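What follows is one structure encoded as structure tokens, with my remarks underneath.
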Amino acid sequence: MKRLIYYVEKGNGHYEPFYEYTETNVGIDEFYARQLCTYFIMRGTQYELVSNEMEEDVEVLVLKEMGRNLSGEDEKNFRERGIHIEFRSPNERENYRLLSRIPCDTHFEVIRYLLKNVVDIPSIGQMLVTSTEIDEDRGVYVIYVTEMKVS
């Protein structure tokens, strides 16, 4: 059985197991979508992905704790309401302004967005991706985007 295990880096080469998923909890498509997110939010704390590893049939994500998660504008909880992506401004001064939300049928659809440097947001157009996260507390993927700069 495949497993996805999050570890938190504690310093001096010490890593503490933090959270685990198995194929009975989530599908393989969600395993891969989670691995593409640069940030992870859980229990009000933000973590940054520092390493993405594999060991036999185990997917290992090593995180660094960044501190309390700052809430953005108009946050909604999507737990038990399907798969969703939010597109937000990466600017804290703008309170991580919500630009758009889209529902997705599968995590493979989410993966398509997470793989891109430039995404085409419905009703907005193309924008440059600055970072991605899985907000476990709210059950939503968040993609932070900014205007494309024309040179």
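Just the accessible area per residue of the stretch 83-147, please: how many Å² with a 1.4 Å probe? Write out the running numbers ahead of the final one.
Details: 3170 Å² over 65 residues.
Normalised by residue count, the accessible surface of the stretch 83-147 is 49 Å².
Remind me, relative contact order of the chain in percent, using alpha carbon pairs under 8 angstrom and six or more residues apart? Let's see the in-between values first.
Values: 307 pairs, mean separation 34.6, N = 151.
Relative contact order, the chain: 23 percent.
Counting only DSSP beta bridges with both residues in the chain, tell me the antiparallel percent, nearest 5. Show your work: numbers first, answer last.
Working: 39 of 52 bridges.
Around 75 percent antiparallel, to the nearest 5.
To the nearest 0.05, what FRET efficiency results for N12 and D137 with a Förster distance of 41 Å applied to their C-beta separation? Present the calculation step by step, with values, prior to reporting the outcome.
On the way: r = 29 Å, r/R0 = 0.71.
With R0 = 41 Å, the Cβ-Cβ based efficiency is 0.90.
Which value, in Å² and to the nearest 10, is the accessible area of C104 when all protein chains are kept and the probe is 1.4 Å?
Per-residue accessible area (C104): approximately 10 Å².
For the chain, just the Cα set please: Rg and Dmax, both in angstrom.
In order Rg, Dmax, the Cα atoms of the chain give 15.5, 49 Å.
State the percentage of accessible surface on the chain attributable to carbon and sulfur atoms; use a 1.4 Å probe and exclude ligands, DNA and RNA.
Values: 3930 of 8670 Å².
The value for the chain is 45 percent carbon and sulfur by accessible area.
Among the GluC sites (Glu not before Pro) in the stretch 74-121, which ones are in a DSSP loop with at most 12 other Cβ atoms within 10 Å of the Cβ? Mind listing them? All intermediate terms of the calculation are to be shown ahead of the outcome.
Values: sites: E75, E80, E86, E92, E94, E109; in loops: E75, E80.
Sites meeting the loop and neighbour criteria: E80.
Using only helices, what value at 222 nm comes out for the chain when you add -39,500 (n - 2.57) per DSSP H run of length 4 or more and divide by the total residues, to the nearest 500 deg cm²/dmol?
Details: 2 runs with 16 residues, N = 151.
Using -39500 (n - 2.57) per qualifying helix, the result is -3000 deg cm²/dmol.
Using a simple charge model, +1 on the beta-carbon of Lys and Arg, -1 on the beta-carbon of Asp and Glu, nothing else, what dipole does the chain show about its Cα centre, in debye to the nearest 20?
Details: 18 positive and 28 negative charges, 100 e Å.
Taking the Cα centre of the chain as origin, the dipole is about 480 debye.
Quick one: how many Å² of D120 are accessible to a 1.4 Å probe, rounded to 10?
D120 has an accessible surface of roughly 100 Å² with all protein chains in place.
For the stretch 3-68, what is the accessible area per residue in Å², given a 1.4 Å probe and the full set of protein chains?
Working: 3690 Å² over 66 residues.
Here the per-residue accessible area is 56 Å².
Could you list, in their original order, any pairs among K2/K64; K116/K149; K10/K116 whose Cα atoms are separated by more than 27 Å?
Details: K2/K64 23 Å; K116/K149 16 Å; K10/K116 31 Å.
Those over the limit are K10/K116.
Would you kindly derive the ³J(HN,Hα) couplings of the stretch 85-99 from the backbone phi angles with the Karplus curve 6.51 cos²θ - 1.76 cosθ + 1.60 (θ = phi - 60°), listing them in order in whole Hz, with x for Gly and Pro?
Running phi through 6.51 cos²θ - 1.76 cosθ + 1.60 with θ = phi - 60° gives 10, 10, 10, 9, 6, x, 8, 4, 4, 8, 6, 6, 3, 6, 9 Hz.
Pop a pseudo-label 7 angstrom from the Cα along the beta-carbon direction at both D29 and E94 and give the gap in nm to one decimal.
About 3.0 nm separates the two model spin labels.
Just reorder R112, R3 by solvent-accessible area, largest first, 1.4 Å probe, all chains present. If you can, show how the numbers build up before the last one.
Details: R112 160, R3 85 Å².
Putting R112, R3 in descending order of accessible area: R112, R3.
The values are calculated or read from the model by the stated rules, or taken from the named source; none is laboratory data. Model, not experiment: these values are computed from the prediction. All Cβ positions, glycine included, derive from the backbone under ideal geometry; neighbour counts span all protein chains shown. Ligands, DNA and RNA are stripped out before the accessible areas are found, and what is left, the full protein with its side chains, is counted by its heavy atoms. Shrake-Rupley method; radii C 1.70, N 1.55, O 1.52, S 1.80 Å.
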